[in-house]
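Values quoted throughout were computed directly from the atomic coordinates according to the rules given, and no laboratory measurement underlies them. For clarity, every value in this text was computed on a predicted model and none was experimentally measured. Please note: Cβ atoms are built from the backbone with ideal geometry, for glycine as well, and neighbour counts cover all protein chains shown.
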Amino acid sequence: MSLQAEPPEIERWTEPPGRSYLAISELVAAPLLERRQWRWRAWWIAFGIASGLTLIMAICMSWLFATGVGIFGNNTTIVWGLPIADYVWWIGIGNAGTLISSMLLLMRQRWRASINRFAEAMTLFAATIAGLFPIMHLGRPEYFYWLLPYPNTMVVWPQWRSALIWDFWAISSYILFSILFWYVGLIPDLATLRDRAKTAFPRSFYGALALGWRGSARHWYFYEHYHLTMACLAVPLVVSLHSVVGMDFAASLMPGWQESIFPPYFVVGAMYSGFAMVVLLTALVRWGFNLQPLITAEHFNVMAKIMLAASIIMGLSYLTEWFAAWYHGERAERWLVGFEFTGGYAPVYWCMLLFNCIVPQLFWFVRIRCSIVAVVVIAILINVGMWLERIEIVWNTLSHDFLPSMWRIFIPTFWDWALLFSSLGFFGFLYLLLARIFPMVSMHETRRLIYEESHQ
Amino acid sequence: MSQVKQHPPASPSALNRRAALKLLGSGLALTLSSCGRPHEEIVPYVEMPEGLVPGVPMKFATTLALAGYGRGALAISVDGRPIKIEGNPRHPASLGATDVFAEAEIMSLYDPDRAKAPRTKDDVVTWDAFAQALFAQMQQEKARHGAGLRIVTGRITSPTLLRQINALLTQYPEARWYSYEPISDDAAFDGSMLAYGRRLAALPRLADAAVVLSLDADPLGAGPRQIADARAFSQRRTRQAQPFLRLYTVEPEWTLTGANSDHRLALHPDLIRNFALAVTAQMQGENAPDLPDPVAHFAKICADDLKANKSKALVLVGRRQPPELHALGHWLNAQLNAPVDFIAPADGNPLGDAQALQTLSRDLDDGRVETLAIVGANPVYDTPADLGLAHKIGKVAFSVHLGLHENETADQCSWRLPMSHTLESWSDLRAFDGTASIVQPLILPLYDSRQAHDLLGLMAGTIAPSAYDLVRQTWQAQRSGGDFDTWWKQTLHDGVVANSAAARVATGAPKRPDVKPAQAARGLSLLLGADPSVWDGRFANNAWLQECPHPFTKEVWGHGIYLSPGDARRLNIADRETIEVWHDSASLRAPARVREGQADGVIAVELGYGRTRAGAIGNGIGVNAYPLRTTASPWLISDVSLRGTGEIRNVPLLQHNFDLEGDGKDLYPVLTLAELAQGKQPPDHDYENRPTLYAKVNYDSYAWAMVIDTSLCIGCNACVVACQAENNVPVIGPEEVAMGRDMHWLRVDRYVPDPERPPGFQPVPCMHCEQAPCEPVCPVAASVHDGEGLNAQVYNRCIGTRFCQSNCPYKVRRFNWFGYADGQEYADLGADSVRASHNPDVTVRGRGVMEKCTYCIQRINRARHHAEIVDQPIPDGAVVTACQAACPTRAITFGNRNSKASAITALRREPHHYALLGHLGTRPRTTYLARLRNPNPAMQEKAQA
């Protein structure tokens, strides 16, 4: 930390037009309640594109279920393909919202107030979309529910030793938890909207969802306890979720997968890509809803610092992997590292190292960190890099394992790419719908931020 | 039914509620009444035919032809459907084993593209219509003593068919019969003419040999003798063999023989005669022709080794070498007192293939042919282009083609007749050594087809007896006394006519031919060869064979043009680049396949592809090399031109990496006899005593295990096709293979553990690991272990996560990416007739399900049923897996490792026993014996120097 005087906290996290309770409520609620005055052109354009992509996703899924999982580029050797990488990537993104809400809450990082709401929404949708991919990747998706220990006449239960079962439970519980966490955090704001609504429908709609919230001290008392408890639960859950995803690979015999570093490495990777996605959404929400008073360059600055730390940990993880492969001494492990750098996917691997480890080092510079454009561009690169990392984990090991006779290369098909990009569109579709219905910034938490910062 | 018709016609406008209900009611009535009995009287199946138990497979001995020679077979039939071919242990060309072609005959039988009814150019006709037309035509021929009658066939060894042809030729003295094989043995027969003055077939006895020199000969490669030669070879290649055979091979391109030799030299085909002369000179102490140093050294060592092993040394010359070299081979063998027998050839063709075709061509040119009957052959496709038969046959006024398919030749004929498959026919065949056996049908003809005996009967014009009677007459005539019916029954049962092998001919001393050294052609030469999957093209429409990988390139659904790396560099051709090869006016366009071990200056391509009228499977696969062939030089075309196109295409391959560098050699250990004697063991020999945290599982009943001897695996693929036939493994087609998918439960990996030495083959079925990595990762417990150590896959339970295959270090699991056998079949393989080929004891897997080798669990259970009936444990050898049964060299052994006395237990104690990737702690039940080599120490000294 530098010795020069830091600006007061309130100046770091807000700008003057957003420094009163009323201003905050107006800034956030206006787009929802005063639709006539609000210009929604950008929204409609974005929604049109997102709907188109969602339609493509529906076509992809219909074609997939009608024709079979063979439409993807998978082959006998590389039986897992893009949907698995997409799944890990989406679930990684799905981690960050909860991390921001809970971990930063527990660490008393008050600046999280202006970004945690849409980060949580991101979590919710990303985790949901992530949950679709393993099902789409099944040979017989119609039987996905066999992973559930439901009572059946044959008394067959799932096989509890399989990491996929752990994974199934981890995702299911995480999605349920995310919904609860997000919704409960929303209740005071729904009450605000109910109270500010000028017409009957919004009033009853928000009123019903607000569950009778009156803002009494008793309400706040329960709310605070409940929220804090959930946050305490969330941290281990979020860590376990991605650890389990890591174990999908680590609980195996394969070179490059069978590594004890995988669970923590996956958690950090998830946080990394999740924060990068949050940065991107922050920039869009800030621009789209004119929230500059509540979301400042300082927010980008601190998130860039977190990404910088994560990138260093990622780099260390890669180094550990290479070292472990050499130290392990197994022929296949060493072959694999050689293959990563020189084999059929080498350009992908080099790009991944560049995007995940090299480019984020620019965050050492304050000017880069405080430039929203620069942070957003680097965040996009990190997201690309993290996707590449996930596909590399799947591809490299399966393409180059123990028996050279079965070594093969994966070539993605049209459907592989279509599903990946259309899932982004589906995410946008859900997110844009949400933005039209629910407040994108937590009003009550921002108000509290202002209160606490101005009363220090 | 009549009530339905009385209903008023229901126009849409008139359809009110009442009418709708009425229609519904009558619809229901119609559905119910349609389940009634047929009008004709039907007979219930009250009493079972003797010996038939529904669902229990029965075996029938029969004989299958390859290039005209018979290979004995036991066809397995379930409820009247033949579903699998096994070898007949009593037959000398089968010895209980099969080859890829025999296994695939099931697919040929049920091929939906078979000719189904007689046809003229425009119409489907009846056999009666054809018989009338033929009768009229034969009347004309009778008037001119058959001067216009020509019969064209492939090689014929059937005593009955030969008898019919001879009778016809007596009846029509001016008629002519021409027989030919595209994969011709002319050179060998001509060589015997040169050496002995007679047309003789040589039968080398590999089992009695200690040193063998193969000059472009391929006894282990595909062909009618493959099984017998491979078995004899394998008897001399086990650790216990005394002496252990040493094989030298000199050849221009890779053959299976070359791959299994101890020393191999790649040499231009023109120079092989110089090599042979050098060997002769060294043996006789004469002046050797000028040869490059390594070649001369190789020749010297070969000659010394041959000479040192007199009466156990053998020189083999391949069919692609000229007659003089065959004669020289005979002379050398005579000097060595080599283990070779001679017999009179089993086919009745005195002309030789080339001369037969040339005479036919001249007859057609002179307009002498009025009536042409082509039986089972395809001369429009598979004869040398310089004869121009393709154009000439179409001009014959009355031409008949009898064949399994309406092929290229049928297309040119006025009558196209469907021929019955061997499994639908009565006939007889002789094996390469003259042993006769009966062809017995297992099923009534599926279509309105006849066989060659019927056609010849029609041509003879009498009221022809059935093929069954004809065959019986042939054999009855040869037997004097004794009860014929008893003999007949016994012969049918055994599948071999007892004591019918041809008598050995005493030859006397051969003449030494005058062979002059040759210069290698300066330009590129193109070498042709039989294809290991489709032979000469006759199997091109067989989906199992099209998907059966070439042993070296592992290419399926087509072939490439093979180049040496030196030539590829010189001509600037990349691997898989489409190249154009032309000579005179004929040209080929195919992907180049650059491969080590190919002689410089010679490119090679297999015959049998580029069919245009094969059927939905074979049409347009690969390129047709016959147009480059000439009668004068059927195997080697000198001075071809070659041009790269720069276009690189994806070639459907089942294996992409072949090299084993550094530590990778552990995957395919190779030991020399000397190393074995010194006590050297493969790295994963002691895999079972590795430390483990897990409690040892006690298998207290049976513990099934398999041992595969890689020394004996010659890479012939018979096991691959056998497994496919036994286990209903679907064919997926070239596009899916190019996607990197394949369904074979058993694959034969080819590895190059040492670039200086021939490659080796390693069959890889499921390892049935005791600590199977696939089992704990399956979320729905579809991959489970049974009490006898089998790793079982429950298809019904599988939801297709594919974690099992991800975690399988051997990658032996196969996934149904599409419904390959379940509604999304390749080409016409979803036809009902193909479904009839399925083994009813094995589930046909649906889409999205993982499958893999089961150790033929259905065969284990069948053996268990038998054992339980007599209340005994399953005896050793009672369970024979499909791959094991097929293997010509007995490289695969299966059994119960809990039994101390079983063959498998003995093999697992061998010093060169090892487990693939044993160090992973998977404790596989499938284990291997390391490849043993017997190199000549003299050769190694040179290599080190």
Over 14 Å [Cα-Cα, the stretch B:263-348], rounded percent: 65
Percentage of interatomic Cα-Cα distances in chain B larger than 56 Å: 14
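As a test of the formula, what do you get for the protein assembly as shown when each DSSP H run with n ≥ 4 contributes -39,500 (n - 2.57) and the sum is divided by the residue count, at 222 nm and rounded to the nearest 500 deg cm²/dmol?
Taken over the protein assembly as shown, the calculation gives -13000 deg cm²/dmol.
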Exposure proxy order (Cβ contacts within 10 Å, fewest to most) of B:R589, B:R909, B:R750: B:R909, B:R589, B:R750
Cross-link pairs B:K310/B:K511; B:K665/B:K900; B:K142/B:K392; B:K554/B:K665; B:K116/B:K554; B:K300/B:K511 - those with Cα-Cα distance over 26 Å: B:K665/B:K900; B:K116/B:K554
Partner chain coverage, peptide A:65-78 - average Cβ within 10 angstrom: 6
Mean projected area (nm²) of the alpha-carbon convex hull when the stretch B:680-775 is viewed from all directions: 10.0
Label point distance in nm, A:Y183-B:E661, each placed 7 Å from Cα along Cα→Cβ: 5.9
Distance histogram for the stretch B:776-821 (every C-alpha pair counted, 10 angstrom bins, percent rounded to whole numbers): 24, 58, 17, 1
Kirkwood Rh, angstrom, the protein assembly as shown [1 / mean 1/r, Cα pairs]: 36.2
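I need A:M107, A:M277 ordered by Cβ neighbour count within 10 Å, fewest first.
In order of increasing Cβ crowding within 10 Å: A:M107, A:M277.
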Relative contact order for the stretch A:336-450, counting Cα pairs under 8 Å that sit 6 or more residues apart, in percent: 24
Helix runs (DSSP H) in chain A reaching 20 Å along axis by Cα, Kyte-Doolittle at least 1.6: A:372-399
Phi-based couplings in Hz for the stretch B:615-622 (Karplus 6.51, -1.76, 1.60; Gly and Pro marked x): x, 5, 7, x, 4, x, 8, x
Vicinal HN-Hα couplings computed from phi for the stretch B:489-504 (Karplus, 6.51 cos²θ - 1.76 cosθ + 1.60; Hz; Gly/Pro x): 4, 5, 5, 5, 5, 6, x, 9, 7, 4, 6, 9, 4, 5, 5, 5
The stretch B:660-730: translational diffusion in µm²/s, Stokes-Einstein, Kirkwood Rh over Cα pairs, 37 °C, 0.692 mPa s: 200
Peptides ranked, highest mean first, by Cβ atoms within 10 Å: ranges B:813-820, B:717-724, B:201-208, A:138-145: B:717-724, B:813-820, B:201-208, A:138-145
Contact order normalised by residue count of the stretch B:553-676, Cα under 8 Å, 6+ apart, percent: 32
The stretch A:329-433 - convex hull of alpha carbons, volume per residue in Å³: 129
Simple spin-label estimate for B:S311 and A:F205 in nanometres, 7 Å along Cα-Cβ: 10.6
For chain B, with +1 on Lys and Arg beta carbons and -1 on Asp and Glu, the positive-most of B:Y178, B:G740, B:T126 along the dipole: B:G740
D (Stokes-Einstein, µm²/s), Kirkwood Cα radius, chain A, 1.002 mPa s at 20 °C: 92
Distribution of pairwise C-alpha distances over the stretch A:22-174, 10 Å bins, in %: 9, 25, 30, 21, 12, 3, 0
Inter-chain Cβ neighbour average for residues A:132-139, partner chain, 10 Å: 3
Radius ratio Rg over Rh of the stretch B:528-676, counting only Cα atoms, Kirkwood formula for Rh: 1.02
Residues B:K121, B:K84 arranged by fewest to most Cβ contacts within 10 Å: B:K121, B:K84
Three-way shape label, the stretch B:125-177, alpha-carbon gyration tensor, a/c 1.5: oblate
Summed residue charge, Cβ within 13 Å of B:A210's Cβ, Lys/Arg positive, Asp/Glu negative: +4
Contact order relative to length of chain B, as percent, for alpha carbon pairs under 8 angstrom and 6 or more apart: 14
Karplus-derived 3J(HN,Hα), 6.51/-1.76/1.60, for each residue of the stretch A:290-296, Hz, glycine and proline x: 6, 9, 3, x, 9, 10, 10
FRET efficiency estimate (nearest 0.05) - Cβ-Cβ, A:L319 to A:W350, R0 22 angstrom: 0.90
Per-peptide average of other Cβ atoms within 10 Å, ordering B:801-810, B:262-271 highest first: B:801-810, B:262-271
Relative packing of peptides A:282-289, A:357-364 - highest average C-beta neighbours within 10 Å first: A:282-289, A:357-364
The stretch A:251-311: Cα Rg divided by the 2.2 N^0.38 Å rule of thumb: 1.56
Inter-centroid distance (Cα atoms) of the stretch A:115-159 relative to the stretch B:213-250, Å: 58
Amide proton proximity set for B:I374, modelled H, under 5 Å, gap of 5+: B:V152, B:V400, B:H401, B:L402
